[in-house]
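In what follows, a single structure is set out as structure tokens and then discussed.
The values are calculated or read from the model by the stated rules, or taken from the named source; none is laboratory data. Treat the numbers as computed from the prediction; the structure is a model and nothing was measured. Note: areas computed on protein heavy atoms with side chains; ligands, DNA, RNA excluded. Shrake-Rupley method; radii C 1.70, N 1.55, O 1.52, S 1.80 Å.
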Amino acid sequence: SLLYLQEPSNKRVRPLARVTSLANLISPVRNGAVRRFGQTIQSFALRGDSKSPACSQKSCSRSAAPTPPKRRNSVLWSEMLDVNMKESLSTKEIKRQEAIYEMSRGEQDLIEDLKLARKAYHDPMLKLSIMSEEELTHIFGDLDSYIPLHEDLLASLGEATKPDGTVEQIGPILVKWLPRLHAYKGYCSNQLAAKALLDQKKQDRRVQDFLQRCLESPFSRKLDLWSFLDIPRSRLVKYPLLLKEILRHTPKDHPDIQILEEAISIIQGVLSDINLKKGESECQYYIDKLEYLDEKQKDPRIEGSKALLCHGELKNKNGHKLYVFLFQDILVLTRPVTRNERQAYQVYRQPIPVQELLLEDLQDGDVKMGGSFRGAFGNSDKAKNIFRVRFQDPSPGQSHTLQANDVFHKQQWVNCIRTAIAPFQRTAAAAAELKELPELSEEAEENNPSVPNIQAQKRQSTASGITEMELDESMSECGSILDLEEAKGAKTHRTSSGHRRSREKQLSGKRKETLV
């Protein structure tokens with residue numbers, strides 16, 4: 001056009017030779033949504049995947065037209081029904097059968113993905129010597145052993161399906177099968193170490209190139225290798241939702257009601273056990289990567305930790321990046337370091353035990369800016385998303401002002417720390433209340449091992465129907481009651497101190513009369 005001819009000659013124009021398809025000239029709105037969805041799954045599964053070198057290679061191979069991804073069959077159960085059959089079922093029953101079919105279809109998809117991970121990734125990399133057999137075993141685990149497990153459920157559901165496509169009872173099948181999911185304990189516990197090794201191997205150009213080619217192939221559905229390896233975990237957390245959906249559409253007089261409730265209880269117990277084991281494994285993984293600059297930094301509470309409540313990257317007041325771990329009993333600040341291409345964490349300052357930890361939730365602008373502090377939180381006048389942690393005892397002299405990336409992450413940290421220190425705060429508050437109680441002379445006598453516990457015995461005897469007069473008489477016969485003058489002397493000594501309040505004296509006088 002005329003406008004195009006009049007443009008300056010020095011303007012950079014994309015060469016036409018690089019445009020090999022009309023698809024490259026159209027804004028990829030639909031494909032973009034697929035990519036975003038794939039990236040969401042990837043980032044949700046484990047943090048830090050975006051830092052993988054493979055991500056930087058995505059833009060390197062866009063010269064060819066993108067191959068459409070393979071799509072899964074998404075036909076609903078009701079769409080396969082005969083019209084007459086559909087009219088004979090209630091809306092509630094149709095929804096129930098839809099939920100059962102969704103579970104069955106999900107098992108079929110899972111089996112296909114597990115087989116695909118072996119056929120398209122594991123076997124070719126082993127055959128081409130892209131990775132060693134030991135490395136592949138560490139990354140893939142015993143993924144093959146779970147295929148028969150899910151095939152058994154699929155077969156049982158198939159046997160329970162009537163010729164018209166409906167399933168009468170699914171509860172007994174699930175109650176029998178769900179406990180077998182305990183087999184995933186080892187696989188889920190190893191995921192963190194497997195992900196770390198996979199990210200490390202992505203530094204290898206051959207691995208990088210192979211995974212990129214797979215990602216661009218139709219069979220991958222725009223999902224990377226880790227998304228396939230994480231599919232079993234994501235499937236596990238769906239089971240309670242699927243069962244609750246089936247239960248929700250099951251009539252109250254149906255024989256499946258109680259059995260489905262039992263199945264939900266079973267899967268929740270299984271997931272709880274897997275999460276516990278996975279948490280212990282994750283905790284130990286990071287403990288093994290800690291490096292100490294000083295022996296004084298070592299604390300038995302770190303080595304003995306079984307749960308990692310929260311961890312992530314924060315900035316200190318100087319703007320330096322720290323990686324912070326909140327274990328069940330201790331807070332550890334570290335600096336991320338690399339040792340022989342492996343991630344490690346160098347302990348920074350002295351770890352703070354949770355029972356000695358004090359949290360200050362700072363509002364935006366609460367911190368006075370100045371010096372290096374100004375450079376830490378940018379050029380703005382207010383420091384945002386900050387909180388402070390320190391020892392309750394000021395003698396160690398350690399205080400850390402930390403900044404989160406955004407208000408959401410700050411709130412996560414604040415909530416986690418508050419939850420961790422709450423039990424110790426309640427204990428401290430109870431102890432403080434006990435210290436504030438008036439110290440009566442009878443309490444001193446009760447705590448004195450050389451003096452019989454008269455008051456306690458009187459309370460017990462009164463509760464059993466014996467009067468104080470009878471108690472005094474019986475005790476005097478046995479020669480175990482105190483001489484009145486000694487009791488008075490003890491009381492005079494206790495009440496003569498300058499710390500006794502007038503109300504305590506009145507209470508003490510009343511109790512003297514009771515003893516007399």
Handout entry: Overall dimensions of the range 222-353 by Cα: Rg and Dmax, Å
Key = 21.1, 67
Practice task
Note the direction-averaged projected area, equal to a quarter of the hull surface, for the Cα convex hull of the range 73-287, in nm².
Solution key: 13.4
Fill in the blank from the handout: Residue-normalised value, i.e. accessible area per residue, for the range 104-187 at 1.4 Å probe, in Å², stands at 47
Practice task
Using a 1.4 angstrom probe on heavy atoms only, work out the carbon and sulfur share of the accessible area of the range 73-287 in %.
Solution key: 52
Practice task
Roll a 1.4 Å probe over the protein chains and send me the accessible area per residue for the range 220-328 in Å².
Solution key: 48
Problem - the range 73-287, relative contact order in percent, only Cα pairs under 8 angstrom and at least six apart counted - result: 29
